[in-house]
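Colleague: Here you go, one structure.
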Amino acid sequence: MSELNEAYWTKRYEDGSTGWDIGYASPQLIKAAEKAGSDKKILIPGAGNAYEAEELWNKGFTNLYICDLSEAPLNAFLERVPDFPKTQLVHGDFFQLDQQFDVVLEQTFFCALPPTMREQYVSKMSEILVDKGVLTGLLFDFPLTEQGPPFGGSQEEYRERFSTHFEITHLAISEHSIAPRSGKEFYFELVKK
């Protein structure tokens, strides 16, 4: 899956092949961020067009960071939100981040990574979260396949995988999914051990 690199994702944005992009902020992610609080240092990895960041920024969440491997969606975000601090915009590899955060909002980042990288994802999330930091958001509920992205996953896999580094405080079908994903994704909340 080495082809899932910056050039791959940039081409997807340039071609408009962005089926994961719903064109507005995910209601579930906004609720998760509001629950955490606007005073928290929040990261959105694999942020894409970052509609959640735009809405949260407009609601006064100023300690917000977005990261994406491709510069194309980050530039689109800056066109919409020109006053967003460029120091809080990370164009680069999530796995190279060397900051810590109170909260990480997950939407379609985990499922876009090759499944062989899932253990690395869990370890990196644990590394970048402060003690008792929260990883929260949405994970797909469909069988894991080798065809992707997106790659699927199950509640059983998520429980086994994340419990190594996190206390699972919530993992259930989301009540605030967008219509096309209703019943097909989990809302989860994990607290770093």
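Derivation of every value follows stated rules applied to the coordinates shown; laboratory data play no part. If you're wondering where the values come from, they're calculated on a predicted model, not measured in any experiment. Note that each Cβ is placed from the backbone with ideal geometry, even for glycine, and that neighbours are counted across all protein chains shown.
Colleague: Hey, which lysines would be in cross-link range of K41, C-alpha to C-alpha under 22 Å, not counting anything within fewer than 8 residues on its own chain?
Modeller: Partners found: K31, K59, K86, K124, K132, K192, K193.
Colleague: Checking the a/c ratio against 1.5 first, then a/b against b/c, what shape does the Cα gyration tensor give for segment 53-123?
Modeller: The shape class here is prolate.
Colleague: D for segment 112-182, whole µm²/s, Stokes-Einstein with Kirkwood Rh over alpha-carbon pairs at 10 °C and 1.306 mPa s: what number?
Modeller: The diffusion coefficient I find is 119 µm²/s.
Colleague: Please work out the FRET efficiency for the pair T145 and D15, using the Cβ-Cβ distance as r and a Förster radius of 22 Å; give the result to the nearest 0.05.
Modeller: E(calc), rounded to 0.05, equals 0.45.
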